[in-house]
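Each reported figure results from applying straightforward, stated rules to the coordinates on display, with no laboratory input. What you are looking at is a predicted structure, and each value in this text was computed from that prediction instead of being measured. Positions of Cβ are generated from backbone atoms using ideal geometry, with glycine treated the same way; all protein chains shown enter the neighbour counts.
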Amino acid sequence: MNLSDLKLRTSRILGVATGTDDDAVDEDDFLTRLANESVIDVLVRTRVHVRDATSTFTGVASEFDIDDSVLKMIGIKMNGNVLYEGDRDALNDDEFAYVGFSRIVLGTPTKSGDVMSFWYTPKPAALVNPTDDPATFTFGRIPAQFHSALIDYMCWWAADKLGDVQAGRGERYRTTYEGQDGLGGAGSSLGRIKLAVNMRGTSRRVARRREVLVSDVTNRHWIG
């Protein structure tokens, strides 16, 4: 569905008439804003659109900013070796930490020629024209089969303003979109996207590195 379809579907679900009067123009702009918010929210909370990139360092650096074009980072490697997320105040050589929304610190400073590779979700361009489609790369690359989630998000936030009294002030649409607990679990629109992504190639469980325990490095389990 393109932007026009998203707004039309949302207005019909909520029983709102569209037109050219002042109120309708305001509501149309409101729905456009919600459509863009819905794309961002789905991209941030799922891995529906992920790309890879590399960056070559030209000198020593232990921390750096994430470019505004990167909506979120998912995994990092340095010279082909996986970096694990760790405690920012006690990082091991093979670890990194997010010290802020757009700031990363490395456990080992880089040197000239080091290559960082990472998976990330790019920030999409805003939907502006009626034919702009979230399924295209430019506007988010969210496949059409998941566009119902965008509608659920828009209905959630539009229900109050557009007067859908039977919606329970948007709660029904919110639950459909992100689940009762807001975590996007099984049965919710976000949950179905996550499941589809996880089952795309294989259902094999991906194991994470086990935390190092005291018993791994010493046989003294207490001080006495």
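Exposure proxy for Y177, Y120: other Cβ atoms within 10 Å of each Cβ, ordered fewest to most, give Y120, Y177.
Available extension along the chain between V115 and F57 is 20.2 nm, counting 0.36 nm per residue and deducting the alpha carbon span. Straight Cα distances below 16 angstrom link K77 to the lysines K111, with same-chain residues fewer than 8 positions distant left out. Put simply, the amide H of G140, placed in the peptide plane, has neighbours under 5 Å in A125, leaving out anything fewer than 5 places away on its chain.
As a proxy for reagent exposure, D152, D41 were ordered by neighbouring Cβ count within 10 angstrom, fewest first; the result is D41, D152. Put simply, when 2-13, 98-109 are sorted by average Cβ atoms within 10 angstrom per residue, most first, you get 2-13, 98-109. A Förster radius of 25 Å combined with the Cβ-Cβ distance from N79 to R103 puts the calculated FRET efficiency at roughly 0.70.
The dipole here belongs to the stretch 51-121: it is taken about the Cα centre, uses +1 on the Cβ of Lys and Arg and -1 on the Cβ of Asp and Glu, and is about 200 debye. Close amide H contacts of G75 (hydrogens built in the peptide plane, cut-off under 5 Å, sequence separation of 5 or more or a different chain): W119. Spin-label pair R12-N198: with each label point 7 Å from Cα along the Cα-Cβ axis, the two points sit 3.4 nm from one another. Segment A126..K161, full-extension length gain: 10.4 nm, with 0.36 nm per residue of separation and the alpha-carbon distance subtracted.
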